[in-house]
Amino acid sequence: MKPRHKRAALIVGALISICVAAMFVLRALDSNIALYITPTEVAAGKAPVDKAFRIGGMVKMGSVERKELTVHFIITDTAKEVPVAYTGILPDLFNEGKGAVVQGKMDAKGLFVASEVLAKHDENYMPPEAQHAIDKAQSAGTGAGTETGAKP
Amino acid sequence: MTTTNRLSQIFYHYASPATFYPLAGKMIPVFVVLAALFGIAGLWIGLFVAPTDFQQGEGYRIIFVHVPSSWMSMFIYCVMALWAGIGLTMNTRLSSMMAQALAPTGALMAALSLITGALWGKPMWGTWWVWDARLTSELILFFLYIGFIALQASIDDPRRADKAGAILALVGVVNIPIIYFSVTWWNTLHQGASVSLTKAPAMAQTMLWGMLLMALCFWMYSIAVALIRVRAIILERERHTEWVKQLLAGEKHAGA
Amino acid sequence: MLGHSQWNSAAEFFAMGGYGFYVWGSFLACAVLMVIEPLMAIARQRAALRELAREQLAEQLNKETKES
């Protein structure tokens, strides 16, 4: 009786762990593993219809406009753009020229109504003085008015 | 031929629990001291010397515990699978005990990676959690550790438990490159690697030093705890052998 | 003591630029778990030694009762 119990426990334990692991794998695979699609993919009609999805890209310079409680901005991957409207609290790192991932649905007029806005930052860590130096060097090298941090 | 014989002789000598038990006892204080020294130096640099970050302000300092725990969670898994694999193929008892001793420490590191990651994600990204490829694969790593521990605990016969655990550990190794490359293979909210072997680190010098020292601290800590645990496992498993009885008699004499 | 560092006061140090909860929360989580884990491992080692001592004592008593 006891060895059989042990074997049963073994099988149940292994099955549970495999199931839990598989569940998470499937959850991740559910949206093709990618967390978001790009504005170019949206323009190509790859966005799901009548279903919430995420778009990732850069917040276009000078596009952020606040109308009462709603924030309007444009998310871009430098090739295509998607206008976004969002009502709610923005994360600390949300800024023009920085990466963002927005979740929501496309309305009939092509405006993306976001229910959640996440900020995406890059892997660079440096003191502010170093960043100023880089900005200065870049604007001196390529002329004023160039977009910095074009990579979302 | 003779050198390989000599090497395998040395291997089997130290792979014997009777030899390793006292050796591990001597090694533990060394790694505890190293962990403390690296920890003090790392915390000093991380909290007092490293400058503010240009975009995350002081919030980036979570990196000094987040990256070391994440690295260790992946590294310990590889070492654990290696020991389990050696135990499976060469039938050395000590290797399997090492794998068993490493699993809880690996699970702890994976848990710390997820906890500190959530505490970092909330203020910076705006969310505690997303089903992003990097975060999800790290969560799977945590469940692999838990699965390994649970599987071994569910089998009474230690040799069979070792075999079953080894197979699970080896299959799970597939997850390690998935975690590591997730940020380049898929669109993720998690940023890419700041430090890698293929490019110059994307961090200021002092920040990098703080992080590396903390990583060394976590590494030494993991070795120390795994050694403490492997000694307990040796005693549990070898209690009916002659050398354990002698060891106990010796300790009694020393104590009296 | 804080003179040659990033901070002008202890309060500033603990505030972490407004991220105090998150920074200290993650450091605290690490500290707590990394203290509990070795204590548990040491307790396991002690328990194994106690169990061994008990087994040996039982064996000895067994022998003695048989002899007498």
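Debye-formula intensities of the range A:42-139, expressed as log10 I(q)/I(0) at q = 0.13, 0.17 Å⁻¹, are -0.50, -0.78 (one equal scatterer per alpha-carbon, no solvent). With a simple spin-label model that places each label point 7 Å from the Cα along the Cα-to-Cβ direction, the separation between residue A:132 and residue B:184 comes to 3.5 nm. With 28 Å as the limit, the listed pairs A:136/B:122; A:105/B:199; A:136/B:199; A:80/A:109 have A:136/B:122; A:105/B:199 beyond it between alpha carbons.
DSSP beta bridges confined to the protein assembly as shown are antiparallel in about 85 percent of cases. Of the trypsin sites (Lys or Arg not before Pro) found in the range B:1-83, no site is in coil according to DSSP while having at most 16 other Cβ atoms within 10 Å of its Cβ. Values of log10 I(q)/I(0) for the range B:72-132 across q = 0.24 Å⁻¹ run -0.86, by the Debye formula with one identical scatterer at each alpha carbon and no solvent. The base-10 log of I(q)/I(0) for the protein assembly as shown, evaluated at q = 0.07, 0.10 Å⁻¹, reads -0.48, -0.87 [Debye formula, identical scatterers on Cα atoms, solvent excluded].
Over the C-alpha atoms of the range C:22-67, the Rg to Rh ratio, Rh being the Kirkwood estimate, stands at 1.49. Chain A packed on chain B takes about 3500 Å² of accessible surface away from a 1.4 Å probe, both sides summed. Peptide packing for B:64-74, C:27-37 was compared via the average number of neighbouring C-beta atoms within 10 Å per residue; ordered from the highest value, the list is B:64-74, C:27-37. Using a probe of 1.4 angstrom and keeping all protein chains present, the accessible surface of the protein assembly as shown works out to 52 square angstrom per residue.
Using the Cβ-Cβ distance between residue B:159 and residue C:7 with R0 = 60 Å, the FRET efficiency computed as 1/(1 + (r/R0)^6) comes to roughly 0.60. For chain B, which DSSP H helices look membrane-span-like by this rule: Cα extent along the axis of 15 Å or more and mean Kyte-Doolittle of at least 0.5? Membrane-span-like by this criterion, though nothing is claimed about a membrane: B:17-44, B:63-90, B:93-124, B:133-154, B:205-237.
Dimensions of the range B:96-198 based on its C-alpha atoms, expressed as ranges along the principal axes with the largest first, amount to 48, 28, 21 Å. The phi torsions of the range C:41-47, fed into the Karplus equation with coefficients 6.51, -1.76 and 1.60 and a -60° offset, translate into couplings of 5, 5, 4, 5, 4, 5, 4 Hz, rounded to whole numbers, with Gly and Pro shown as x. Direction-averaged projected area, Cα convex hull, chain B: 17.4 nm², rounded to one decimal.
Percent relative contact order of the range B:1-158, based on C-alpha pairs within less than 8 angstrom and at least six residues apart? It comes to 20 percent, rounded to a whole number. Just how far, in whole angstrom, is the range A:58-111 from the range B:109-186 if you go by their alpha carbon centroids? First find each Cα centre; the distance between them is then 34 Å. Estimated purely from DSSP H runs of n ≥ 4, each contributing -39500 (n - 2.57), the mean residue ellipticity at 222 nm for the protein assembly as shown is -22000 deg cm²/dmol once divided by its residues.
The values are calculated or read from the model by the stated rules, or taken from the named source; none is laboratory data. Given the structure is predicted, the values throughout are model-derived calculations rather than measurements. Positions of Cβ are generated from backbone atoms using ideal geometry, with glycine treated the same way; all protein chains shown enter the neighbour counts. Each accessible area value is taken on the protein alone, full model and side chains, heavy atoms only, with ligands, DNA and RNA left out. Shrake-Rupley method; radii C 1.70, N 1.55, O 1.52, S 1.80 Å.
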